[in-house]
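Just below is one structure, and these are the notes that go with it.
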Amino acid sequence: MSFLFTVSPDFTPDRLSGWYIFNTWLQKQTGVAIHLEMYSGFNSQREAIRQDEVNLIYVNPYDAAMLVREKGFLPLAKPVGESDEAIIAVSASNPVSDVAELAPGIRLAFTDDPDVKMMGMIMLEPGDLDADNMQSMPCDTYVQVAKHLLRGEADVGIFLAEAYDGVSEMIKKQLKILVRSQISVIHHSLMIGPGLLDKREQFQQCLLGMTEDEKGRGVLESLGFKAWEKVDDEEMEFMIDLMDTLTI
């Protein structure tokens with residue numbers, strides 16, 4: 001029997017091959033047949049989750065809450081030193097230098113990455129901006145958010161900080177950051193589903209031991225991670241509660 005593994009669609013495109021390398025490594029280490037399936041967007045991935053097709057997932061904080069509360073998933077690990085932060089950016093040619101200078105009616109580009117959009121909307125509040133006085137421009141990817149800004153089709157963009165940092169220097173030179181969040185305790189996590197829970201400890205041991213051999217370190221490097229660290233159930237519940245608080 002093969003189990004399905006997927007990754008939150010907000011990963012940076014240059015890490016795609018790294019996830020396939022990681023999946024191959026994980027199969028060899030655990031002896032478990034795992035198929036990596038990448039979805040084009042959050043909606044198609046969530047539909048697969050709703051249909052109970054997913055067994056292992058590297059997931060954003062917002063969807064982690066649904067996985068724990070509705071689907072019986074438990075956390076395995078998170079990348080050391082990584083947290084989810086949001087960036088509010090504009091075109092470099094935009095004279096605005098502070099969120100408070102933004103005016104109602106602006107065109108806002110964002111993805112359906114819910115935790116990032118939520119943080120971004122909180123950061124826009126100093127400009128008295130909300131969903132009712134901005135023009136929404138939903139995008140499938142952060143690359144599209146950047147393109148809308150560069151083409152003058154959007155005035156402001158919300159980015160996952162990791163995604164923004166991962167775009168080319170040529171693009172970044174044409175953009176300007178107005179504000180970057182510093183929440184520090186919201187993060188993506190690798191989580192395991194009910195069908196694999198009997199192997200939770202085995203998977204955790206494999207992940208936490210990746211820095212101990214050269215191949216494991218090479219796989220981590222392909223993902224842009226230093227190491228994995230264990231996420232216990234209490235830490236996951238704290239993050240879910242924090243997400244609920246921020247959403248209110």
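Pairing each residue of region 51-73 that is among the polar types (S, T, N, Q) with any residue that is part of a helix (DSSP H, G or I), provided the two are 6+ apart or on different chains, yields C-beta distances under 7 Å for N55/G195; N55/L196; N60/D115. Screening region 27-41 for residues that are open to solvent by less than 70 Å² (accessible area, probe 1.4 Å) and touching a Phe, Trp or Tyr at 6+ places or on another chain (Cβ under 8 Å) and picking the one that is farthest from D198 (Cα to Cα) gives M38.
The requirement of being assigned by TED's automatic domain parsing to the domain that holds N60, over 23 Å from A65 (Cα atoms) and open to solvent by 60 Å² or more (accessible area, probe 1.4 Å) is fulfilled somewhere in region 218-230, by at least one residue. Surrounded by fewer than 18 Cβ atoms within 10 Å (Cβ to Cβ), among the hydroxyl-bearing types (S, T, Y), touching a residue at least 12 places away in the same chain (Cβ under 8 Å) and assigned by TED's automatic domain parsing to the domain that holds G31: is that true of T211 in this structure? It is true that T211 is surrounded by fewer than 18 Cβ atoms within 10 Å (Cβ to Cβ), among the hydroxyl-bearing types (S, T, Y), touching a residue at least 12 places away in the same chain (Cβ under 8 Å) and assigned by TED's automatic domain parsing to the domain that holds G31.
I'm trying to understand the selection: among the residues of region 82-116, which are surrounded by fewer than 21 Cβ atoms within 10 Å (Cβ to Cβ), of a type outside the set (D, E) and over 15 Å from A146 (Cα atoms)? Step through it out loud before you land on a result.
Applying the first criterion (surrounded by fewer than 21 Cβ atoms within 10 Å (Cβ to Cβ)) to region 82-116 yields 82-83, 85, 91-101, 103-107, 112, 114.
Keeping just the survivors that are of a type outside the set (D, E) gives 83, 91-97, 99-100, 103-107, 114.
Passing the criteria: S83, P95, V96, S97, V99, A100, A103, P104, G105, I106, P114.
The values are calculated or read from the model by the stated rules, or taken from the named source; none is laboratory data. Computed from a predicted model, the values in this text were never measured in an experiment. No Cβ is skipped: glycine too gets one built from the backbone with ideal geometry, and neighbour counts run over all protein chains shown. With ligands, DNA and RNA removed, areas are computed over all heavy atoms of the protein, side chains included. Shrake-Rupley method; radii C 1.70, N 1.55, O 1.52, S 1.80 Å.
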